[in-house]
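Asker: Supplied in structure tokens, the structure appears directly below.
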Amino acid sequence: MSIRTVRFAGSSDRRPGPISWWTLSDLALGVLVVGTLAGVALAGQPVWIRLAVAWWAAFALLLARVDVRTHRLPLPFIAAMSAGTCLLLGIEDVGRLGRAAAAGAVLSVGLFLLCLPRRGIGLGDAILGFPIGVALGWSGWGALLLWPLVTSLVMAVWALVLLALGKVRWQSSLPLGPFLLLGVVPAIALTAA
């Protein structure tokens, strides 16, 4: 498994396919599915938090799918994910949003430092650190500290399963974005317990 090279809108030497109408249909379907699940799972939470979770998760699903297909993370989608999440959380509690935004900035800068080596992560992955950090920071600093461990564990297990099934080789390149996003849920759940 190799780590991808830095490119402006993502990474990888693979040629991206066009982002067509399916991105909008995926986003609409994601909002419906995740909104329903968030409404059920967060029944005791205020409506703005449920809407923020639905917005964040719908874009997480969209970005994960795009990254798997193209090995790129479109910056406009990341910006929309960040802006919508911050707006909805800011309506609920501006002070807590400040901590969440600080966590997003810290995580994004930390991931950006991983872009600097020649074979570092992609810039899209580093920018994705902001909305991930906002979600983790809203839950607390403990979730932000636990997230790298959980994400690394999820990615290692998934890569080993793919290797065992013969789907990838040691030199294969896996998209990083889905693992970064997937690590958020267990990190928040483990700190909330």
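The values are calculated or read from the model by the stated rules, or taken from the named source; none is laboratory data. The structure presented is a predicted model; accordingly, all values stated were derived computationally and were not measured. Methodologically, a virtual Cβ is constructed for each residue, glycine included, from the backbone with ideal geometry; neighbour enumeration extends over all protein chains shown.
Asker: Scanning for something on the phi < 0 side of the Ramachandran plot, at pLDDT 85 or above and touching a helix residue (DSSP H, G or I) at 6+ places or on another chain (Cβ under 8 Å), does region 25-45 turn up at least one residue?
Answerer: no
Asker: Residues in region 112-156 that are free of Cβ contacts under 8 Å to residues at least 24 places away in the same chain and crowded, with 16+ Cβ neighbours inside 10 Å: how many?
Answerer: Residues flagged as free of Cβ contacts under 8 Å to residues at least 24 places away in the same chain and crowded, with 16+ Cβ neighbours inside 10 Å within region 112-156 amount to 3.
Asker: Ok, one more. Could you run through region 46-80 and say how many residues are at pLDDT 95 or above and either on the phi > 0 side of the Ramachandran plot or of a type in the set (Val, Ile, Thr) (or both)?
Answerer: Number satisfying all stated conditions: 1.
Asker: Another question about this same structure. Condition (residue is in contact with a strand residue (DSSP E or B) (Cβ under 9 Å, 6 or more places away or on another chain), exposed (fewer than 12 other Cβ atoms within 10 Å of the Cβ), in contact (Cβ under 8 Å) with a residue 24 or more places away in the chain and closer than 21 Å to residue 68 by Cα) applied to region 163-172: is it met by at least one residue?
Answerer: Looking for residues that are in contact with a strand residue (DSSP E or B) (Cβ under 9 Å, 6 or more places away or on another chain), exposed (fewer than 12 other Cβ atoms within 10 Å of the Cβ), in contact (Cβ under 8 Å) with a residue 24 or more places away in the chain and closer than 21 Å to residue 68 by Cα, one finds at least one in region 163-172, hence yes.
Asker: Quick one: which residue in 65, 69 is under 15 Å from the mean Cα position of the chain (by Cα) and among the charged types (D, E, K, R)?
Answerer: 65
Asker: Could you tell me which of the residues 83, 101 is modelled with pLDDT of 95 or more, more than 17 Å from residue 180 (Cβ to Cβ), surrounded by fewer than 24 Cβ atoms within 10 Å (Cβ to Cβ) and touching a Cys at 6+ places or on another chain (Cβ under 7 Å)?
Answerer: Checking each option against the conditions leaves just 101.
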